[in-house]
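Asks: For reference, the structure I am asking about is given below.
The values are calculated or read from the model by the stated rules, or taken from the named source; none is laboratory data. Not measured: the values here are computed from a predicted model. No Cβ is skipped: glycine too gets one built from the backbone with ideal geometry, and neighbour counts run over all protein chains shown.
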Amino acid sequence: MKRLYALTLTLTLLLALTSALGLAVVLSERFSAPLGLLAEGTRAVAQGDFTRRQPVVSRDELGVLTESFNTMTAQLADAHGKAEESRRATETTRAYLESILGNLSAGVLAFDEDLKLRTANPSAAVILQQPLAELTGMALADWGKRLPALSPFAELINEGFRASREGQWQKEAEFRVANLSRTLMMRGSRLPGPAVAGGYVVVFDDVSELVQAQRDAAWAEVARRLAHEIKNPLTPIQLSAERMAVKLTDKLEGADQDALRRGTQTIVSQVAAMKNMVDDFAIYARQPRPGQMQHVDLSALLLDVLGLYDNLRPHVALSLPVAPVFVQGEPTRLRQVFHNLIANAVEAQAGVSPPIFAIALTESDGYVTLSFTDRGPGFPPDVLSHAFEPYVTTKAKGTGLGLAIVKKIIEEHGGRVTLENAAPQGARATLVLPTVGHGRPPASIAKVSI
């Protein structure tokens, strides 16, 4: 009986223990499943997936935890969306600004607080003709060591910010760019904000053509007024001097007669010189006449002009294309250009023996190039950069209008003119003009000695 009781008790305890274990497993699974889902959702959030939402199946602490997790992921998704939207807006703004800077004709340089270059737009490199990308991160004071041609430019920027009290300055300065004198309008400004976002910016543009156009217009107006005001009294002065010589010569004797003759001759010769100067002024101030434009064979016109310089025949090396090359121009004005350049070459070689006049005419890609080269002393650097301005000359006599007239006429014909010193000695003037229909480009060059 006791054994039966003990067996029954043992079985009952085993059954109770088994039931408890089963219940524990069921309850464990019931409570751990939502926690597992929460853990999986947490891992997804850590990987950037803010779309996970867990179902709330109870109102106990676990339900509150699940609901809090869902609220947190919703807030994170909203914050992530706003951050992504802000990032896209920032990238769009940056791309827009880069597009503006990339297409801006002016040069833009951005510096940090230590005047180290942060960025430069493409136009800055084009205007300065220097690889500015190599200077990124380099202090402005060290630019001259890497690119010596930029040393004056860097010094001017440094001086501008150093001398400016409010961090803003503006200057117009001339620099040598690719061996040419260019006028740059520069403006510097300090950027507001903390050191990380602040710094300096410099904006500059090449205003050489604008400055030159203003100078040309001013000189043309001066020349027009001088030609008008001076020319009127010259003829009466000359006639009066000649009349005095005719009427008084026979009435005077000896020294008095010689003095009268010398005086009247001086007046007449000086009036003639002033008339020549006035003619130069008139040519420089004259406006183009579109009605006089026509097809001009440059080779024929050049040969016609050279025919007036018979004494130069042994010293001229002329290179012309076989086929005619036509430009749209005013023959009288172009003839004036050729005369001025040849006359300059003659005067430049007054003390050179033997003188050489090398004239070459070529055509390529719709443009004709005509060069005049001599063996004279060339131009000093300070004169070369301003050679086309009125009254700039190396001659003891003359108005300094010859090259200014050449430039004005060529530009009126849609062309350009350059001046350089030739190696090893001499100077070279090069004219470039657009051509009109002239058949196929010349296949060969005929050399003519005149």
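Asks: Just to be sure before I move on: is Val246 surrounded by 15 or more Cβ atoms within 10 Å (Cβ to Cβ) and at pLDDT 80 or above in the structure I sent?
Replies: Working: surrounded by 15 or more Cβ atoms within 10 Å (Cβ to Cβ): no; at pLDDT 80 or above: yes.
So Val246 fails the test.
Asks: Suppose the filter is surrounded by 15 or more Cβ atoms within 10 Å (Cβ to Cβ) and either in contact with an Asp or Glu (Cβ under 8 Å, 6 or more places away or on another chain) or under 23 Å from Gln212 (Cβ atoms) (or both); does Pro380 pass it?
Replies: On the way: surrounded by 15 or more Cβ atoms within 10 Å (Cβ to Cβ): no; either in contact with an Asp or Glu (Cβ under 8 Å, 6 or more places away or on another chain) or under 23 Å from Gln212 (Cβ atoms) (or both): yes.
Answer is no for this residue.
Asks: Please list, ordered by first then second residue, the pairs with beta carbon atoms under 7 Å, 6 or more apart or interchain, first in segment 337-354 and in a helix (DSSP H, G or I), second among the hydroxyl-bearing types (Ser, Thr, Tyr).
Replies: Every condition considered, the pairs that remain are Ile342/Tyr309.
Asks: Can you work out which of the residues in segment 127-148 that are free of Cβ contacts under 8 Å to residues at least 12 places away in the same chain and out of contact with any helix residue (DSSP H, G or I) (no Cβ under 6 Å at 6 or more places or on another chain) is surrounded by the most Cβ atoms within 10 Å (Cβ to Cβ)?
Replies: Asp142
Asks: Based on this model, can you work out whether Leu401 counts as buried (at least 17 other Cβ atoms within 10 Å of the Cβ) and modelled with pLDDT of 90 or more? Spell out how you get there, then give the answer.
Replies: On the way: buried (at least 17 other Cβ atoms within 10 Å of the Cβ): yes; modelled with pLDDT of 90 or more: no.
So Leu401 fails the test.
Asks: With respect to Leu334, is the statement that it is over 21 Å from Asp279 (Cα atoms) and buried (at least 18 other Cβ atoms within 10 Å of the Cβ) true? Give the steps one after another, and end with the answer.
Replies: Values: over 21 Å from Asp279 (Cα atoms): no; buried (at least 18 other Cβ atoms within 10 Å of the Cβ): yes.
It is false that Leu334 is over 21 Å from Asp279 (Cα atoms) and buried (at least 18 other Cβ atoms within 10 Å of the Cβ).
Asks: In segment 179-213, which residues are assigned to a strand (DSSP E or B) and among the charged types (D, E, K, R)? So that I can check it myself, show each step before the final result.
Replies: Within segment 179-213, the first condition is being assigned to a strand (DSSP E or B), and the residues that meet it are 180-191, 199-206.
Listed by number, the residues that qualify are Arg182, Arg187, Arg190, Asp205, Asp206.
Asks: Kindly check whether there is at least one residue in segment 180-188 that is at pLDDT below 80 and either aromatic (Phe, Trp, Tyr) or under 25 Å from Ala404 (Cβ atoms) (or both).
Replies: Applying the first criterion (at pLDDT below 80) to segment 180-188 yields 180-181.
When the remaining residues are screened for being either aromatic (Phe, Trp, Tyr) or under 25 Å from Ala404 (Cβ atoms) (or both), the result is 180-181.
Looking for residues that are at pLDDT below 80 and either aromatic (Phe, Trp, Tyr) or under 25 Å from Ala404 (Cβ atoms) (or both), one finds at least one in segment 180-188, hence yes.
Asks: Let me ask another. Check whether at least one residue in segment 160-178 is in a helix (DSSP H, G or I), charged (D, E, K, R), without any contact (Cβ under 8 Å) to a residue 24 or more places away in the chain and farther than 30 Å from Arg416 by Cα, and report yes or no.
Replies: yes
Asks: Only one of these is closer than 24 Å to Val211 by Cβ and in contact with a helix residue (DSSP H, G or I) (Cβ under 7 Å, 6 or more places away or on another chain): Ser151, Ser123. Name it. Before the answer, list the steps.
Replies: Details: Ser123 fails: in contact with a helix residue (DSSP H, G or I) (Cβ under 7 Å, 6 or more places away or on another chain).
The conditions single out Ser151.
Asks: Could you list, ordered by first residue, the pairs with Cβ atoms under 9 Å in which the first is in segment 234-254 and more than 27 Å from Met277 (Cα to Cα) and the second is among the basic types (Lys, Arg), at least 6 apart or interchain?
Replies: Short answer, once both residue conditions are applied: Thr249/Arg261.
Asks: Looking at Ala218, is it part of a helix (DSSP H, G or I) and farther than 30 Å from Phe175 by Cβ? Talk me through it step by step, then tell me what you get.
Replies: Working: part of a helix (DSSP H, G or I): yes; farther than 30 Å from Phe175 by Cβ: no.
Spelling it out, it is not the case that Ala218 is part of a helix (DSSP H, G or I) and farther than 30 Å from Phe175 by Cβ.
Asks: Additional query: Tell me whether segment 190-207 contains one or more residues that are at positive phi, surrounded by 12 or more Cβ atoms within 10 Å (Cβ to Cβ) and at pLDDT 75 or above.
Replies: Taking segment 190-207 first, the residues at positive phi are 193, 199.
Next, only the ones that are surrounded by 12 or more Cβ atoms within 10 Å (Cβ to Cβ) stay: 199.
Filter again for at pLDDT 75 or above, leaving 199.
Checked segment 190-207: at least one residue is at positive phi, surrounded by 12 or more Cβ atoms within 10 Å (Cβ to Cβ) and at pLDDT 75 or above.
Asks: Another question, then. Of (1) free of Cβ contacts under 8 Å to residues at least 60 places away in the same chain; (2) buried (at least 19 other Cβ atoms within 10 Å of the Cβ); (3) in contact with a strand residue (DSSP E or B) (Cβ under 8 Å, 6 or more places away or on another chain), Ala358 satisfies all except one. Which?
Replies: (2)
Asks: I've got another one for you. Going by what's in this entry, would Leu320 be described as among the aliphatic types (A, V, I, L, M) and either more than 24 Å from Arg176 (Cβ to Cβ) or not in a helix (DSSP H, G or I) (or both)? Quick ask: steps written out before the conclusion?
Replies: Working: among the aliphatic types (A, V, I, L, M): yes; either more than 24 Å from Arg176 (Cβ to Cβ) or not in a helix (DSSP H, G or I) (or both): yes.
Considered against the rule, which asks whether it is among the aliphatic types (A, V, I, L, M) and either more than 24 Å from Arg176 (Cβ to Cβ) or not in a helix (DSSP H, G or I) (or both), Leu320 comes out as yes.
Asks: Can I ask one more? Confirm whether Asp297 is touching a helix residue (DSSP H, G or I) at 6+ places or on another chain (Cβ under 8 Å), surrounded by 12 or more Cβ atoms within 10 Å (Cβ to Cβ), within 23 Å of Gln336 (Cβ to Cβ) and of a type in the set (Asp, Glu).
Replies: Details: touching a helix residue (DSSP H, G or I) at 6+ places or on another chain (Cβ under 8 Å): no; surrounded by 12 or more Cβ atoms within 10 Å (Cβ to Cβ): yes; within 23 Å of Gln336 (Cβ to Cβ): yes; of a type in the set (Asp, Glu): yes.
So Asp297 does not fit the description; no.
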